[in-house]
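The structure appears right after this line, and notes come after that.
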Amino acid sequence: MNGAGLVFYGGILLLIAIGIWGILSRRNLIKVIMAIAIIETGVNLLLVSVGYISGRSAPIVEGDTGIGLVPEGQVVDPIPQALVLTAIVIGLATTAMALVAAVGYYRKHGTLELKSWSYGITGDREVKK
Amino acid sequence: MMERSTLQRSLPALAIALLFAATVFVAFMEIDFGEARVDDEGSVAGDYIRNGTNQTGSANLVTSVVVNYRGFDTLGEVTVLFLAATGVGALLSFIRKDDEKEPGKKIEPSFILNRGAGLVLPLILLFGVYIFLHGHLSPGGGFQGGVIIASGMLLYYIANPGKRGAHRAFSILESSAGLAFIGLGIVGLMGASKIFLANDHADIGEVGMLLSAGMLPLIYISIGLKVGAEMTGLVERMRGEAS
Amino acid sequence: MNAEVFIAISAVSFLMMIILAVMAVRSKDLIKAAVLLAGLSLVASFVFVLLRAPDVAMAEASIGSALTAIILVYAIRKTERYEEGHRGGDRK
Amino acid sequence: MTPDPVLLIVFPLIAAFLTPLVSMVSKRLGRQVPLLGTFSMGVISLWLLLEFVDMDTTMGPITTTTGGFQPPWGISLVVTPLTALVATGMIGVALYVLITSIQKKEQDSGPWFELFVMMAAAGAVGMVITGDLFNMFVFLEITSISGTVLAALPRGDPEKGLNWKGAVGYAVISALASFLILGGIALLYGSTSTLNLSQMAERTGDIDSFTAGAALLLMLIGFGVEAEIFPLNGWAPEVYRGSRWGSSSVFSGIIGKAGLIALVKVVTMVLAPALDGAFVMDILLWGGVITFVVGEAAAFTSRDLYRLLGFSSIGMFGLILAAFSLGGRAGIWAAVLILIGHMISKPVLFSLSGALHNKDRDAPLSTLDGLLSRSKGAGFLFIGAALMLLGMPPSPIFWGKYFLFTGAGGEENWLLVAIIIMGTLLEAGYIGKILWRVMQRTPGRRTVRLPITTVIMAFAAITIGLVIGLIPGIIEDLLWMVYTNFEKLVYLPWGVI
């Protein structure tokens with residue numbers, strides 16, 4: 001295994017681990033959404049690193065190369081970059097939706113702490129007979 | 001007491017997170033970093049690299065993937081952004097009533113910000129347009145150009161808190177740019193290949209020129225306008241003092 | 001750029017990102033966390049440049065750091081600035 | 001002539017972009033645009049389904065491609081008998097919800113509800129028919145953003161506050177789930193160099209089993225959240241409890257089903273061949289069985305009508321997943337039949353509950369007291385739909401459970417048989433409980449007037465269910481085709497798509 005891989009994959013997964021730790025240990029909704037944003041950045045980095053090829057340039061043909069001079073063997077994988085471009089925009093959309101829901105939750109319940117995920121019988125205690 | 005319970009929650013959480021990350025990390029170590037997998041037989045990306053410029057006429061291969069090969073994804077993506085902007089507006093319209101009761105602390109923009117934003121706005125907008133017009137030639141494109149336009153508009157709004165009312169125009173722009181994107185896709189469906197979003201109607205032209213790559217720049221312009229309008233709408237609605 | 005320099009630069013960037021992420025998660029001040037998150041995105045966009053992805057770097061710098069931070073700050077302004085348990089915060 | 005499957009996505013998108021424009025001119029007209037979009041989707045999907053019925057059973061999938069390149073270079077859409085059936089069912093649920101709420105004046109400030117119901121259906125259809133992994137992620141996002149808005153819309157007057165608790169839970173968990181799926185996509189793309197599902201399926205046999213296992217973990221968590229599989233469904237009860245009946249129908253009939261089919265599709269096509277297939281299917285099987293038992297048990301103890309119906313949906317998701325992963329002819333047929341029966345009966349139950357209790361409060365089970373004497377029509381429709389859900393003989397669910405028992409018995413998996421019987425008894429318990437309340441005599445309570453659209457749509461839905469159950473010939477061809485496709489298109493021993 002090469003050192004660059006260790007640095008990249010290791011660094012990215014530590015980043016993701018911090019995000020998961022944030023989600024699990026924090027109760028503040030906005031902080032949880034921030035932790036998800038950290039995970040999102042990590043996953044995007046992961047996708048692009050999968051497409052990286054050492055010693056090659058960005059997937060853009062120089063202006064004067066023209067047709068016929070295809071940059072085979074010179075550029076990195078363009079697909080993950082295109083996917084990440086999409087994923088970043090989608091990430092903004094999901095973050096915005098989650099934030100609006102958090103603001104609404106705060107306005108209704110007066111707190112940003114999501115106390116329980118009331119599963120099963122526990123949620124029913126609140127229901128009046 | 002508080003510190004202790006935070007710690008009690010924190011340590012198991014950290015352990016779970018590290019365990020999870022370690023599993024995924026070991027899995028990723030199987031994928032060699034920096035390896036030229038695109039040169040392997042049957043790699044889709046390898047075919048894009050070999051034929052991308054010839055097939056789509058775009059000098060920027062990421063653009064050719066985003067707009068042409070995987071244009072359907074991009075259509076879905078601008079739809080996601082559209083839905084988010086609409087959804088944020090819809091949900092905030094129920095919250096906004098409370099805002100009127102207790103107006104937040106308004107920050108008055110300084111004179112320099114006020115005047116400066118007016119001067120800078122055309123330049124920023126022009127730069128955004130430049131970015132998405134050259135999406136098939138250089139880094140950047142519809143998304144990045146759209147965001148730049150959105151940031152220009154947001155700066156203008158911050159500097160001129162009184163100026164409102166462009167929401168309707170943005171909404172119209174957003175919808176019509178989306179319809180234009182689908183329309184360009186249907187051109188492909190009606191065309192020779194009968195394939196949605198096919199780029200076979202226009203001449204591909206000379207790679208590296210502004211007027212090249214067939215429908216690609218047209219599609220990227222509609223994406224750019226749509227993303228610009230949507231992001232402006234999204235952030236302005238999050239700000240929530242308008243309309 | 002030779003391999004060692006590449007590894008060294010990326011290792012430093014990752015170290016910075018990890019420190020920023022830990023600080024953002026630990027901070028009780030949400031505005032501060034949002035700013036730290038924007039910084040994390042900026043470093044990430046630098047890493048995207050290292051990975052030869054200029055398109056993604058542009059998008060990350062503008063969307064990931066600027067717009068996400070802006071909507072986070074707007075959301076925090078509509079709610080509370082400090083997490084529960086913060087000393088001196090305006091707890092209700 | 002076969003319509004191009006891409007129209008299934010293009011029509012609703014046109015309608016979605018037109019909705020704000022038309023609403024500016026007239027709010028009333030704006031509400032009709034999503035209905036029109038959903039209706040056109042329904043026409044295309046029914047047409048595709050009928051294409052399969054007309055053809056002989058050897059017909060392969062109807063495919064199309066986008067972007068001007070053949071797969072794997074362009075994104076392809078693959079419509080098989082199974083996906084056509086599921087897509088038609090999901091669009092049917094969306095139409096049911098939209099048409100039934102035409103008459104009701106919801107106090108929303110715009111056509112939000114209609115728009116997002118349509119887009120949830122469009123995203124779900126896209127998830128089911130797409131032949132590309134990343135495209136599936138994009139459609140998943142369309143679905144989950146629509147789902148967040150739908151989860152927030154409350155019963156009764158939205159001005160009194162939205163169901164924020166449900167919305168924020170769903171938004172946060174589905175965002176996390178979708179990024180985990182994206183991580184899985186990175187893993188799979190890195191090891192196969194393709195995103196096309198069928199090409200990926202050919203290649204995953206060679207990848208390292210630990211890598212495949214990690215991808216399986218990520219995909220199970222990611223799609224399991226959407227499919228409301230235990231223990232990833234903690235967000236679901238709050239959504240069912242506080243959202244309006246239409247949103248609950250969309251979650252149980254469209255979003256959850258799409259997550260389920262996507263999970264089955266990804267796991268059986270792509271990941272099972274990379275690992276020990278039987279082991280992977282066992283994980284899905286027992287995940288489904290546990291979800292079934294937990295869901296039915298929670299429904300049994302529920303005191304809130306909407307939560308009861310929601311937990312019952314969760315139980316059904318588990319049962320369908322278990323049937324799919326049991327595999328074989330009996331398992332696949334059972335899964336399809338239970339899926340159809342649930343898609344027909346649950347929206348009817350939700351809509352009748354909505355007509356009874358449309359307030360921003362919990363609905364105790366006593367809401368149902370004496371329904372039959374208060375309104376003959378509503379009572380009979382409710383009893384019919386509830387019995388169909390339980391699986392009384394002419395119901396598709398009856399045949400589904402019959403095949404499930406023969407399938408599990410055929411494999412001599414008596415533990416599975418015993419657990420399914422236990423779950424069904426729990427189900428019979430709570431359905432008996434609510435039916436007992438429905439048939440009670442309660443003099444003095446006000447009579448219920450059902451909106452005419454609700455009566456017509458509920459009657460139509462139950463009729464369709466009865467026809468399928470009574471004349472199995474209608475669906476038999478299709479079931480055979482689902483199964484032969486399953487064997488034929490087999491990329492692999494477990495291939496379903």
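The numbers here are math on the coordinates, done by the rules we state, and not lab data. The shown structure was predicted, so the numbers you read here are calculated from the model rather than taken from an experiment. Ideal geometry is used to build each Cβ from the backbone, glycine not excepted, and the neighbour counts take in all protein chains shown.
Using a basic spin-label model with each label point 7 Å from the Cα along Cα→Cβ, how many nm lie between D:Asp360 and D:Phe380?
So the label points at D:Asp360 and D:Phe380 sit 3.7 nm apart.
Restricting to the protein assembly as shown, what percent of DSSP beta bridges are antiparallel, rounded to 5?
The antiparallel proportion sits near 80 percent.
Quick check: the angle from helix D:277-301's long axis to the longest principal axis of chain D, C-alpha only, nearest 10 degrees?
Once rounded, the angle reads 10 degrees.
Run the quick spin-label model on B:Val120 and D:Asp282: label points 7 Å from Cα toward the beta carbon, then report their separation in nm to one decimal.
It works out to 6.3 nm between the two label points.
Evaluate the distance, in nm, between pseudo-label points positioned 7 Å from the Cα of D:Gln70 and of D:Asn413 along their respective Cα→Cβ axes.
3.9 nm
Pull up all non-local amide H partners of A:Val76: gap of 5 or more, or a different chain, and H-to-H distance under 5 Å with H placed in the peptide plane.
So A:Val76 has HN proximity to A:Ser57.
Using only alpha carbon pairs under 8 Å that are at least six residues apart, calculate the relative contact order of chain D and give it in whole percent.
15 percent
With N set to the residue count of the range D:246-305, report its C-alpha Rg divided by 2.2 N^0.38 Å to two decimal places.
Normalised Cα radius of gyration, the range D:246-305: 1.41.
Taking the square root of 5 times each eigenvalue of the Cα gyration tensor, what semi-axes in Å does the equivalent ellipsoid of the range D:7-491 have, largest first?
In descending order, the three semi-axes are 33, 26, 21 Å.
Just to be sure I understand the curve: with the Debye formula and one point per C-alpha of the range C:4-92, what is log10 I(q)/I(0) at q = 0.12 Å⁻¹?
-0.43
Could you please report the charge total around D:Ala386, scoring K, R as +1 and D, E as -1 over all other residues with beta-carbon less than 12 angstrom from its beta-carbon?
Once positives and negatives cancel, what remains is +2.
Among the listed pairs A:Lys108/C:Lys28; A:Lys31/D:Lys265; C:Lys78/D:Lys160; D:Lys346/D:Lys433; D:Lys265/D:Lys401; D:Lys160/D:Lys346, which are separated by more than 25 Å between their Cα atoms?
A:Lys31/D:Lys265; D:Lys160/D:Lys346
Would you mind getting me the FRET efficiency between D:Thr442 and B:Glu35? Use the beta-carbon distance for r and R0 = 60 Å, nearest 0.05.
0.25
Within chain C, which complete DSSP H helices have Cα atoms spanning at least 27 Å along the helix axis and a mean Kyte-Doolittle hydropathy of 0.5 or higher?
Correct list, ordered by number: C:3-26, C:30-50.
Can you give the Kirkwood hydrodynamic radius of the protein assembly as shown from its Cα pairs, in Å with one decimal?
When all Cα pairs of the protein assembly as shown are included, the Kirkwood radius is 28.1 Å.
Determine the calculated [θ] at 222 nm for chain C from helices alone, applying -39500 (n - 2.57) to every DSSP H run no shorter than 4 residues and normalising by the residue count; nearest 500 deg cm²/dmol.
Computed ellipticity for chain C at 222 nm equals -22000 deg cm²/dmol.
Between D:Thr301 and D:Leu466, what FRET efficiency comes out of the Förster formula 1/(1 + (r/R0)^6) with R0 = 22 Å and r the beta carbon distance, rounded to 0.05?
With a Förster radius of 22 Å, E is 0.10.
Taking the alpha carbon gyration tensor of the range D:313-429, what are the square roots of 5 times its eigenvalues, largest first, to the nearest whole Å?
31, 13, 12
Dipole magnitude of the range D:7-491 about its Cα centre, charges +1 at Lys/Arg Cβ and -1 at Asp/Glu Cβ only, in debye to the nearest 20?
With Lys and Arg at +1 and Asp and Glu at -1, about 2280 debye.
Could the peptides D:412-422, D:456-466 be put in order, highest first, of the mean number of other beta-carbon atoms found within 10 Å of their residues?
D:456-466, D:412-422
For the range D:16-164, just run the numbers: alpha carbon Rg, then divide by 2.2 N^0.38 Å, N being how many residues it has.
For the range D:16-164, the normalised Cα radius of gyration comes out at 1.17.
Could you work out how far the C-alpha centroid of the range C:19-38 sits from that of the range D:420-464, in angstrom?
52 Å
What's the percent breakdown of Cα-Cα distances in the range B:29-73 across 10 Å bins, shortest bin first?
All Cα pairs considered, the percentages come to 28, 44, 26, 3.
Please compute the Kirkwood hydrodynamic radius over the range D:150-231, one decimal place, Å, based on all pairs of different Cα atoms.
14.7 Å is the Kirkwood radius here.
Counting other beta carbons within 10 Å of each Cβ, put C:Lys28, D:Lys160 in order, fewest first.
D:Lys160, C:Lys28
Counting only other chains, and only Cβ atoms inside 10 Å, what mean value do you get across the residues of C:18-27?
Per-residue shielding by partner chains comes out at 6.
In square nanometres, what is the average projected area of the Cα convex hull of the range D:197-249?
Average projection, Cα convex hull of the range D:197-249: 5.1 nm².
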